[in-house]
Amino acid sequence: MDNNNNNNNNKSNIFQNIKDKIIDLDKFVFLTGAGISKESGIPTFRGPEGLWRKYDPMTLASISGFYEDPKLVWEFYKYRQELVYNCSPNPGHVSIADFEKIKESSYVLTQNIDGLHEKAGSNNIIELHGNILKVECTVCKFKDKIKEKIEEPLPPICKICKNTLRPSVILFGEPLNQEVWEKAEQISNNCDVMFIVGTSLNVGPVNQLPLYAKRNGAILIEVNPEPTVFTEIMDYYVQGSATEVLPQLLGIV
């Protein structure tokens, strides 16, 4: 019991210290990863997914795999889209969206492709890896949002040019969209505070964004259940899940 009280007191002290540091600042960035969506029931990419376990994920989610067998890749993404479509934002997503109403210069830079930040009400979102609930043409500039189920037969066909549509996500073997990446760099370089939430920062080049922010004097605040390789450069580390920490932390600012 004493340990619990001590932990609660320590968190309260950290929250107060963070509030004192950031209360008068304006430009906030939330860099989010899979951890924030895990508690909404979003299945992890490499988790047990029934019949998909017999396939190599690098084939099912790679650009080379898509062009080799677009029907198979689309069957995989249709399965994932239907799972994601039925998931709802959790208190972590909602806290960020509510915070944006107070600090209107806030941005979300997310590695997630589930669209839950948008569902929660955030407006200033940079989807670094795309959005699984959107499609785009492999030839022309046609883009669209999907409904609950992608239309059969697979692969779907563009309404404009009649070529194959693809999921609007970054597949293995593809670089990030240059325009999206440059915007993320700009936002990171100019922010006052960056929250790093639910990401291990193991994947580049996204793991460079906190370094850009740090280099330009931003305060870095990490919210993760376990420390990461970048924890030592953070100004504050709050141990815990996004759903546990963010409603408390953002609610006091």
Query raised in the report: Can you give the accessible area per residue of the chain, in Å², using a 1.4 Å probe?
Result: 51 Å²
Report task. Identify which of 41, 204, 217 has the largest mean-square fluctuation in a Gaussian network model of the chain, with springs joining Cα atoms closer than 10 Å. Result -> 204
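Roll a 1.4 angstrom probe over the protein heavy atoms and tell me the percent of accessible area of the chain that is carbon or sulfur. Write down the numbers at each step before the final one.
Values: 6260 of 12980 Å².
Answer for the chain: carbon and sulfur cover 48 percent of the accessible area.
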Query - Label-point gap, in nm, between residue 178 and residue 26 - each point 7 angstrom along Cα→Cβ - result: 3.2 nm
Requested in this report: Pull out a ≥ b ≥ c, the square roots of the eigenvalues of the alpha-carbon gyration tensor of the chain, then state rounded if a/c is under 1.5, prolate if not and a/b is larger than b/c, and oblate in the remaining case.
Outcome: prolate
**Report entry** Dipole magnitude of the chain about its Cα centre (Cβ charges: Lys, Arg +1; Asp, Glu -1), debye to nearest 20
**Finding:** 560 debye
Query raised in the report: Comparing 119, 19, 159, which has the greatest mean-square fluctuation in the GNM of the chain with Cα pairs linked when under 10 Å apart?
Result: 159
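The values are calculated or read from the model by the stated rules, or taken from the named source; none is laboratory data. Since the model is a prediction, treat every value here as computed from it, not as a measurement. Glycine also receives a Cβ, built like all others from the backbone with ideal geometry; neighbour counts cover every protein chain displayed. Note: accessible area is taken over every heavy atom of the protein model, side chains too, but ligands, DNA and RNA are not part of it. Shrake-Rupley method; radii C 1.70, N 1.55, O 1.52, S 1.80 Å.
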